[in-house]
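Presented below is the structure to which this report refers.
The values are calculated or read from the model by the stated rules, or taken from the named source; none is laboratory data. The structure presented is a predicted model; accordingly, all values stated were derived computationally and were not measured. When we count neighbours, we look across all protein chains shown, and the Cβ atoms used for this are built from the backbone with ideal geometry, even at glycine.
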Amino acid sequence: MYTEEIKAALAAMSEESYKRFSLSLIKGSSLPVLGVRLPALKKLAADIRASGRGEEFLELCDFSSLEMSLLYVYTLGGIKGEPEKLIPLLRKAVYRADNWASCDTLCQSFKQCRKWRERFYGEILSCFESGEAFVMRAGTVLLLSHYLEDGYIDRVFELLAAYKNGDYYYKMGAAWCVATAAAKYRDKTYEFLSGNRLDGITHNMAIRKITESRRISVEDKLLFKKLRR
């Protein structure tokens, strides 16, 4: 079976020291960690697509380890097709992610949505409406990765204001989105935060992320710091 071949390849590339390192970064996931480095996963994904079996792998992938999950993500990132083909593949990974690494890598790699932003915006809205922490986080990371544009920035802020979740990883995703927006839309972001439309924890997380950003000037960091609650 094709997935067994893939699993054998992953096992051959695994490193115990890198497994320990990965486990120190990713906590709370139900997925076993093998210890395969990301460049090796990206190359394997490219090889799978080059073999013409990319879609077969995406259909058969069982998400049995962190590495299988990431391999799915990297393979999906290079698959071409119309939204009707891609949306079910995206949903499959979004609803299987239970850690920040799988979630964020998926969203940042899925550049196909830039071609059909409006069509995929509906999927992002569904992520927020799910109420599930990592699914909602996927919504925030898709926004910060592909939707911080003139035609969408106001809608980004509206979504972040409208949907709340008490989970740390969702709050951090929302804060990260706001901080990323601040680098490109300083005035709009300042106005948004001035309106206190986020819960207090997420609000202060966003300001902290802003002050840590290398893309934001010292003067602007001082300006945003004054909005701490």
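Taking the condition of being in contact (Cβ under 8 Å) with a residue 60 or more places away in the chain and touching a Cys at 6+ places or on another chain (Cβ under 8 Å), how many residues in the range 26-81 meet it?
The total comes to 2.
Considering every residue within the range 105-118, establish whether at least one is surrounded by 15 or more Cβ atoms within 10 Å (Cβ to Cβ), touching a residue at least 40 places away in the same chain (Cβ under 8 Å), in contact with a helix residue (DSSP H, G or I) (Cβ under 7 Å, 6 or more places away or on another chain) and assigned to a loop (DSSP other than H, G, I, E, B).
no
Of all residues in the range 87-104, which are under 25 Å from residue 33 (Cα atoms) and either part of a helix (DSSP H, G or I) or small (Gly, Ala, Ser) (or both)?
Residues satisfying the conditions are 89, 90, 91, 92, 93, 94, 97, 100, 101, 102, 103, 104.
Give the residues of the range 55-86 that are acidic (Asp, Glu), in a helix (DSSP H, G or I) and surrounded by fewer than 23 Cβ atoms within 10 Å (Cβ to Cβ), sorted by residue number.
The answer is 55, 56, 59, 84.
Restricting to the range 22-43, name every residue that is surrounded by fewer than 20 Cβ atoms within 10 Å (Cβ to Cβ), at pLDDT 95 or above and not in a loop (DSSP other than H, G, I, E, B).
If the condition is that a residue be surrounded by fewer than 20 Cβ atoms within 10 Å (Cβ to Cβ), at pLDDT 95 or above and not in a loop (DSSP other than H, G, I, E, B), then 38, 39, 40, 42, 43 are the ones that fit.
For the range 177-197, which positions are surrounded by fewer than 19 Cβ atoms within 10 Å (Cβ to Cβ) and not small (Gly, Ala, Ser)?
Of everything in the range 177-197, those that are surrounded by fewer than 19 Cβ atoms within 10 Å (Cβ to Cβ) and not small (Gly, Ala, Ser) turn out to be 184, 186, 187, 188, 190, 191, 196, 197.
Can you tell me which of (1) crowded, with 17+ Cβ neighbours inside 10 Å; (2) among the basic types (Lys, Arg); (3) farther than 24 Å from residue 226 by Cβ is the one residue 155 doesn't meet?
Only one criterion is unmet by residue 155, namely (1).
I'm trying to understand the selection: among the residues of the range 131-141, which are closer than 26 Å to residue 81 by Cα and either surrounded by fewer than 17 Cβ atoms within 10 Å (Cβ to Cβ) or touching a Leu at 6+ places or on another chain (Cβ under 9 Å) (or both)? Before the answer, list the steps.
Restricting attention to the range 131-141, the residues satisfying the condition of being closer than 26 Å to residue 81 by Cα are 134-141.
Within the range 131-141, 138, 139, 140, 141 meet the criteria.
When the range 198-229 is examined, which residues are found to be loosely packed, with under 15 Cβ neighbours inside 10 Å and within 22 Å of residue 152 (Cα to Cα)?
215
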